[in-house]
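A.B. asks: One structure, as structure tokens, below. Some questions next.
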There are 2 protein chains.
Amino acid sequence: MTLDDLPTPCLVLDLGVLKRNLALMQAAVARFPGLTLRPHMKTAKSIEVARLAAPDFGPITVSTLAEARTFAEAGWRDQIYAVGITPAKLDAVAALNAAGAAVKVITDDVEAARAIAAHPGGLQALVEVDVGEARGGVAPDGGALPEIAAALGPRLAGVLSHSGHSYAGRSPAEMAAIAEAERLAITAAAARLREGGLAVPIVSLGSSPTAMHAARMDGVTEVRAGVYMFGDLFQGQIATHPLDDIAVTVLASVIGRRPDRNTLLLDAGALALSKDRSTQAAPRDWGFGRVLDAAGHPLPGEPMVARAYQEHGEVHAAAPLPFAALPVGARLRVVPNHSCLTAAAHDRYHVVEGDEQVIATWNRVNGW
Amino acid sequence: MTLDDLPTPCLVLDLGVLKRNLALMQAAVARFPGLTLRPHMKTAKSIEVARLAAPDFGPITVSTLAEARTFAEAGWRDQIYAVGITPAKLDAVAALNAAGAAVKVITDDVEAARAIAAHPGGLQALVEVDVGEARGGVAPDGGALPEIAAALGPRLAGVLSHSGHSYAGRSPAEMAAIAEAERLAITAAAARLREGGLAVPIVSLGSSPTAMHAARMDGVTEVRAGVYMFGDLFQGQIATHPLDDIAVTVLASVIGRRPDRNTLLLDAGALALSKDRSTQAAPRDWGFGRVLDAAGHPLPGEPMVARAYQEHGEVHAAAPLPFAALPVGARLRVVPNHSCLTAAAHDRYHVVEGDEQVIATWNRVNGW
């Protein structure tokens with residue numbers, strides 16, 4: 001079967017690009033002996049990708065109970081469920097742990113910490129620390145940090161931060177500076193707790209760009225990153241991976257042609273691409289995605305999906321589109337702005353390796 | 001089971017509001033004797049909703065082959081698949097028709113029309129006419145219209161337009177004006193073809209706001225509309241339904257609290273809400289959704305999800321949030337900006353009727 005045989009729109013994953021992106025991150029982490037890479041499965045949500053990114057059932061990060069359950073049942077035991085936990089979700093985590101997994105939760109709330117400590121099941125938790133993103137997490141120097149850690153008692157597994165604010169950086173030097181600020185904040189938090197007599201085995205930080213560009217990792221036990229596996233038009237512009245090394249594309253068909261306006265309509269719209277506009281503030285705004293030919297090669301005038309309706313994507317370009325080669329039914333491939341959100345619109349990957357032969361179909365773990 | 005028992009995030013559908021919205025549209029269409037409502041299932045994508053919106057297997061509109069197949073197998077035979085068809089998809093449509101359905105396709109392309117005419121299966125097609133949206137469709141007064149109709153030959157089923165540009169209108173009077181312009185354009189297209197000796201049984205137009213507010217429907221055989229079933233914060237502001245009559249909400253849990261910043265974090269982020277920002281240009285910008293209490297009632301300061309990360313939604317409000325009543329784990333409900341995109345992130349509806357008792361679970365037909 002080739003890409004020509006697939007119904008459109010659908011999601012294509014290039015195994016060769018995926019392997020290059022995985023190797024790039026593994027090499028970046030290997031600069032620091034003893035540092036563990038805990039890949040975040042929130043982007044790929046795939047057992048087959050996890051086999052490559054976290055071989056031998058190595059440690060992983062997840063973002064939903066559905067992922068935790070799927071990966072635990074498939075053999076990945078050492079997980080961090082890296083979204084603030086609620087008491088109602090503890091039974092599900094404890095059940096996975098009773099079946100052999102070691103799914104650790106995170107919290108930045110003292111009442112939630114007390115619920116974790118009081119739960120009858122086997123649970124471990126990390127305290128989430130805010131290192132500048134201003135989303136979740138306690139301040140590394142405030143009173144909440146030791147209070148939550150004490151409430152967890154022997155269930156304290158460590159501290160965790162996320163440097164999502166690194167996405168505002170644009171160069172490797174900026175990423176390295178944000179990574180160093182994150183390292184200083186999270187290791188200071190760990191040191192405070194240790195000075196209070198607590199064990200803090202895990203000191204976990206990361207994001208794809210900071211994991212790639214950090215200059216130091218002293219005091220850190222592990223880094224988390226996820227979007228690096230596939231990359232996207234945003235990450236490619238903030239130096240996480242080469243701009244052309246984006247492993248996922250949406251295969252789409254031409255469903256309309258307007259040479260008078262130099263536009264095409266594709267059968268990939270907001271549902272197939274997402275409405276993520278993360279490149280809006282990047283050096284190059286790619287609308288709702290960059291449009292390549294069926295083989296994945298650039299086209300003259302760098303077409304992009306400039307408007308996204310529910311099922312229609314409208315392609316604009318800076319040069320005349322090759323209408324003669326693009327009748328209704330012709331195939332194109334759309335590179336995502338933000339691979340996490342685009343991939344989430346699809347229930348499976350059609351896997352290729354450098355050409356248009358489909359070598360496998362891999363399911364995704366969508367939903368919660 | 002009540003909403004308290006559901007894992008979050010998940011999608012809640014209020015049957016009472018749905019029924020009110022359906023009745024409002026049915027009454028709007030009933031103003032014009034002989035006019036058929038052909039509900040568009042692209043928003044609801046649900047057999048149970050179709051039973052209410054298109055009872056007795058009445059005519060429906062669909063936007064994907066997955067919908068066409070599901071509704072055909074469930075008994076809805078008279079369908080229009082209202083996204084420009086490609087030759088590769090004709091076999092699937094012909095197979096449904098061979099099994100008893102009457103799924104009609106649309107095209108605005110002469111080569112596609114020839115492929116439809118030449119296909120060995122049973123097919124009927126409408127010519128898509130552009131009435132001002134400037135997306136798909138041929139001009140009502142250009143040469144392509146009769147050329148495509150002639151290419152279809154006896155497979156011509158009619159003409160079809162979509163007034164998506166009505167979304168730029170803001171008042172019932174503006175909607176009525178756009179609806180009348182659409183009516184004049186599509187009936188002129190039908191008249192041209194009839195003058196050429198062709199039969200044009202179906203003259204189909206519509207969008208939720210124009211279907212609701214049209215003043216005349218002479219010459220039109222049917223109207224299509226879909227988002228009216230659920231409504232959303234955008235449609236509520238352009239007078240499609242009362243702003244409070246929005247049938248779907250995302251049930252979410254508090255996962256973080258920052259009284260110093262007057263913000264909450266919810267476990268409903270970009271994946272559960274979509275990144276649709278359609279209210280950005282509406283009178284009231286609701287960010288990524290309006291936040292109600294667990295019972296679906298407004299809260300002081302009109303909180304909304306102002307930032308949406310993959311799994312985190314950050315709530316901002318114009319008045320102090322009621323932190324004492326909202327510990328980690330507390331439930332809130334998020335009203336969508338654009339119900340088509342928010343609902344598409346979920347695989348089922350948890351149905352309630354005015355209170356928090358869950359009376360049914362209805363599956364959605366996602367994907368393609």
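The values are calculated or read from the model by the stated rules, or taken from the named source; none is laboratory data. Since the structure is predicted, the reported quantities are computational estimates derived from the model, not experimental observations. As a convention, Cβ positions derive from the backbone with ideal geometry for all residues, glycine included, and neighbour counts pool all protein chains shown. We work out accessible area using only protein heavy atoms, side chains counted, and drop any ligands, DNA or RNA first. Shrake-Rupley method; radii C 1.70, N 1.55, O 1.52, S 1.80 Å.
A.B. asks: Checking B:ARG183 against (1) outside any loop (DSSP other than H, G, I, E, B); (2) within 14 Å of chain A (Cβ to nearest Cβ); (3) under 26 Å from B:THR240 (Cβ atoms); (4) not small (Gly, Ala, Ser), which single condition isn't satisfied?
C.D. replies: (2)
A.B. asks: I would also like to ask the following. Just give me the residues in the stretch B:278-325 being open to solvent by 30 Å² or more (accessible area, probe 1.4 Å), of a type in the set (D, E, K, R) and in contact (Cβ under 8 Å) with a residue 40 or more places away in the chain, in sequence order.
C.D. replies: Residues satisfying the conditions are B:ARG284, B:ASP293.
A.B. asks: Within the stretch B:187-202, how many residues are in contact with a Gly (Cβ under 6 Å, 6 or more places away or on another chain) and more than 11 Å from B:ALA149 (Cβ to Cβ)?
C.D. replies: Selection size over the stretch B:187-202: 3.
A.B. asks: Another question, if that's okay. Consider B:VAL365 against the criteria (1) in a loop (DSSP other than H, G, I, E, B); (2) touching a helix residue (DSSP H, G or I) at 6+ places or on another chain (Cβ under 7 Å); (3) within 11 Å of chain A (Cβ to nearest Cβ): it satisfies all of them except one. Which criterion is unmet?
C.D. replies: So B:VAL365 meets the others, but not (3).
A.B. asks: Output the residue which, of all residues in the stretch B:296-317 that are within 25 Å of the chain's Cα centre (by Cα) and among the small types (Gly, Ala, Ser), is farthest from A:SER63 (Cα to Cα).
C.D. replies: B:GLY296
A.B. asks: Can you pull out every residue in the stretch B:240-292 that is within 13 Å of chain A (Cβ to nearest Cβ), of a type in the set (D, E, K, R) and touching a strand residue (DSSP E or B) at 6+ places or on another chain (Cβ under 8 Å)?
C.D. replies: Residues satisfying the conditions are B:ARG257, B:ARG258, B:ASP267, B:LYS275.
A.B. asks: Taking the stretch B:330-345 on its own, how many of its residues are charged (D, E, K, R) and more than 11 Å from chain A (Cβ to nearest Cβ)?
C.D. replies: Matching residues across the stretch B:330-345 total 1.
A.B. asks: Right, something else. Regarding A:ALA150, is this residue open to solvent by 30 Å² or more (accessible area, probe 1.4 Å) and over 15 Å from A:ASP108 (Cβ atoms)?
C.D. replies: No.
A.B. asks: Continuing with this model, one more query. Would you please name the residue that is nearest to the other protein chains (Cβ to nearest Cβ), looking only at residues in the stretch A:91-125 that are within 18 Å of B:GLU314 (Cβ to Cβ) and touching a strand residue (DSSP E or B) at 6+ places or on another chain (Cβ under 6 Å)?
C.D. replies: A:ASP108
A.B. asks: Within the stretch A:236-258, track down each residue that is of a type outside the set (A, V, I, L, M) and modelled with pLDDT of 95 or more.
C.D. replies: A:ASP245, A:THR249, A:SER253, A:GLY256, A:ARG257, A:ARG258
A.B. asks: Checking the condition within 10 Å of another protein chain (Cβ to nearest Cβ), touching a residue at least 24 places away in the same chain (Cβ under 8 Å) and surrounded by fewer than 20 Cβ atoms within 10 Å (Cβ to Cβ), which residue from A:ALA66, A:ALA74 passes?
C.D. replies: A:ALA66
A.B. asks: Could you check the stretch A:123-153 and list, in sequence order, the residues that are within 28 Å of the chain's Cα centre (by Cα) and of a type in the set (Asp, Glu)?
C.D. replies: Listed by number, the residues that qualify are A:GLU128, A:ASP130, A:GLU133.
A.B. asks: Same structure again: Can we say B:ARG348 is under 30 Å from B:VAL49 (Cβ atoms), within 25 Å of the chain's Cα centre (by Cα) and within 11 Å of chain A (Cβ to nearest Cβ)?
C.D. replies: yes
A.B. asks: Out of curiosity, is A:GLU128 within 14 Å of chain B (Cβ to nearest Cβ), without any contact (Cβ under 8 Å) to a residue 60 or more places away in the chain, within 23 Å of A:THR36 (Cα to Cα) and in a strand (DSSP E or B)?
C.D. replies: yes
A.B. asks: How many residues does the stretch B:98-132 hold that are under 22 Å from B:THR70 (Cβ atoms) and either of a type in the set (Val, Ile, Thr) or not assigned by TED's automatic domain parsing to the domain that holds B:ALA181 (or both)?
C.D. replies: 3
A.B. asks: Whether any residue in the stretch B:282-290 is at pLDDT 95 or above, out of contact with any helix residue (DSSP H, G or I) (no Cβ under 8 Å at 6 or more places or on another chain) and not in a loop (DSSP other than H, G, I, E, B) is what I want to check.
C.D. replies: No - not one qualifying residue is present in the stretch B:282-290.
A.B. asks: Considering the stretch B:84-93 alone, what residues qualify as being open to solvent by 10 Å² or more (accessible area, probe 1.4 Å) and either in contact with a Lys or Arg (Cβ under 6 Å, 6 or more places away or on another chain) or aliphatic (A, V, I, L, M) (or both)?
C.D. replies: B:ALA88, B:ALA92
A.B. asks: Within the stretch B:161-190, work out how many residues are closer than 20 Å to B:THR107 by Cα, among the hydrophobic types (A, V, I, L, M, F, W, C) and open to solvent by 40 Å² or more (accessible area, probe 1.4 Å).
C.D. replies: Number satisfying all stated conditions: 1.
A.B. asks: Here is a further query. Restricting to the stretch A:10-59, name every residue that is crowded, with 24+ Cβ neighbours inside 10 Å and free of Cβ contacts under 8 Å to residues at least 60 places away in the same chain.
C.D. replies: Selection gives A:ALA50 alone.
A.B. asks: Would you check which residues across the stretch B:94-129 are of a type in the set (D, E, K, R) and buried (at least 21 other Cβ atoms within 10 Å of the Cβ) and list them?
C.D. replies: B:LYS104, B:ASP108, B:ASP109, B:GLU128
A.B. asks: Taking only the stretch A:299-329 into account, find how many residues are at the interface with chain B (Cβ under 9 Å from one of its Cβ atoms) and either touching a Leu at 6+ places or on another chain (Cβ under 7 Å) or within 18 Å of B:TRP368 (Cβ to Cβ) (or both).
C.D. replies: Residues flagged as at the interface with chain B (Cβ under 9 Å from one of its Cβ atoms) and either touching a Leu at 6+ places or on another chain (Cβ under 7 Å) or within 18 Å of B:TRP368 (Cβ to Cβ) (or both) within the stretch A:299-329 amount to 7.
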